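The values are calculated or read from the model by the stated rules, or taken from the named source; none is laboratory data. Here the structure is a predicted model, which is why all the values come from computation and not from measurement. For neighbour counting, all protein chains shown are included, and Cβ atoms are generated from backbone atoms with ideal geometry for every residue, glycine included.
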Amino acid sequence: MSQIVKAGLIQMAQPEGAQDMTPAAIRDAMIAAHLKLIDEAGKKGVQVLCMQELFYGPYFCPSQDSKWYSITEAVPDGPTTRLMQEYARKHNMVLVVPLYEQEMRGVYYNTAAVIDADGKYLGKYRKTHIPQVKGFWEKFFFRPGNLGYPVFDTAVGKVGVYICYDRHFPEGARALGLNGAEIVFNPSATVAGLSEYLWQLEQPAHAAANGYFVGAINRVGEEKPWGIGKFYGQSYFANPKGQIIAKASRDNDELLIHDLDLEEITQIRDLWQFYRDRRPDAYGDLVRP
């Protein structure tokens, strides 16, 4: 018996002239642009939708400029989460909303809120692995996540989240599977180079190793004034066999929609018994500092 879920991903560039806009103006423009695509997704019957990492801003981490702290907000009590709750109810759609969270003054996280189809806030995931390398000075902006690897029981099934740099670490991907995830979304901001090869490799590998669907989201375009490279889009869905089954364009704002049959999870896990045959008793060395 099939269990079809119509899923969607949004990839988007910054507004024209963003380098001359204030953080608040960029935020407002990006939210307005996304709402149009959320409405389009609703008209097309999308049941679960995820946006790119820090969806309402640029990827500001090539800088170390504290002005970007001004677009942090509480989750779930901030205005963007509340707005997205309204849109989830409007379209009867599960929403995964990546934003810049303020827990308290001076303590900020790279976070994704998960909202059920009736508008109920279900919880959040905070990015666990925080890079600190040239062009990606994220430790200036984000405290490492401290909520573990939650899986949310939504109207469309069990949904997990892993954010951008997290995807380089298989441990959390496995933890999401062990916690029951059926669909894992990976909202990202990643530019051309070695990353582009890994983009095609890592999330399909997680999908195959753990027997779940992955929705991987990237942004598009080149963001000024930083010039760290071009965000190459190509958001995609991968199935539990590790096959990329739908992919967005490299350069365009796009709503990617694809039907996911959750029954494939049962089929592939009955064939490839990775959970039955794993040996946690033999893996102690993996968690030594």
Query - Total residues in the range 43-100, condition in a helix (DSSP H, G or I), surrounded by 20 or more Cβ atoms within 10 Å (Cβ to Cβ) and among the hydroxyl-bearing types (S, T, Y) - result: 3
Requested in this report: Please work out which residue is nearest to L201 (Cα to Cα), limiting yourself to the range 260-285 and to residues that are of a type in the set (F, W, Y) and part of a helix (DSSP H, G or I).
Outcome: F274
Query raised in the report: What number goes with the only condition from (1) surrounded by fewer than 23 Cβ atoms within 10 Å (Cβ to Cβ); (2) within 17 Å of the chain's Cα centre (by Cα) that A112 does not pass?
Result: (1)
Query raised in the report: Would the range 233-240 turn up any residue that is among the aromatic types (F, W, Y) and over 22 Å from V96 (Cα atoms)?
Result: no
Report task. Report those strands (runs of 3 or more DSSP E) wholly inside the range 193-259 carrying at least 1 residues which are surrounded by fewer than 22 Cβ atoms within 10 Å (Cβ to Cβ) and over 16 Å from the mean Cα position of the chain (by Cα). Result -> 220-222, 230-232, 244-247
Query raised in the report: When residues of the range 101-132 are filtered for being of a type outside the set (S, T, N, Q) and outside any loop (DSSP other than H, G, I, E, B), how many remain?
Result: 16
Query raised in the report: Looking only at residues in the range 133-154 that are modelled with pLDDT of 95 or more and in a strand (DSSP E or B), which one is nearest to Y108 (Cα to Cα)?
Result: W137
Report task. Kindly indicate whether K158 is surrounded by fewer than 19 Cβ atoms within 10 Å (Cβ to Cβ), assigned to a helix (DSSP H, G or I), touching a strand residue (DSSP E or B) at 6+ places or on another chain (Cβ under 8 Å) and at pLDDT 95 or above. Result -> no
Report summary line: How many residues of the range 164-192 are of a type in the set (G, A, S), crowded, with 19+ Cβ neighbours inside 10 Å and more than 15 Å from R126 (Cα to Cα)? The answer is 3
Report task. Test G177 against the criterion of being under 27 Å from L286 (Cα atoms), more than 13 Å from the chain's Cα centre (by Cα) and in a helix (DSSP H, G or I), and give yes or no. Result -> yes
Query raised in the report: If the Cβ limit is 8 Å and pairs must be 6+ apart or interchain, which residue in the range 156-181 that is at positive phi pairs with which residue that is small (G, A, S)?
Result: C164/S188; C164/A189
Query raised in the report: Which one is nearest to Q234 (Cα to Cα), of the residues in the range 147-191 that are in contact with a Ser or Thr (Cβ under 9 Å, 6 or more places away or on another chain) and hydroxyl-bearing (S, T, Y)?
Result: S188
Query raised in the report: In the list A173, A205, A209, which residue meets the criterion of being within 30 Å of D118 (Cα to Cα) and out of contact with any Cys (no Cβ under 9 Å at 6 or more places or on another chain)?
Result: A173
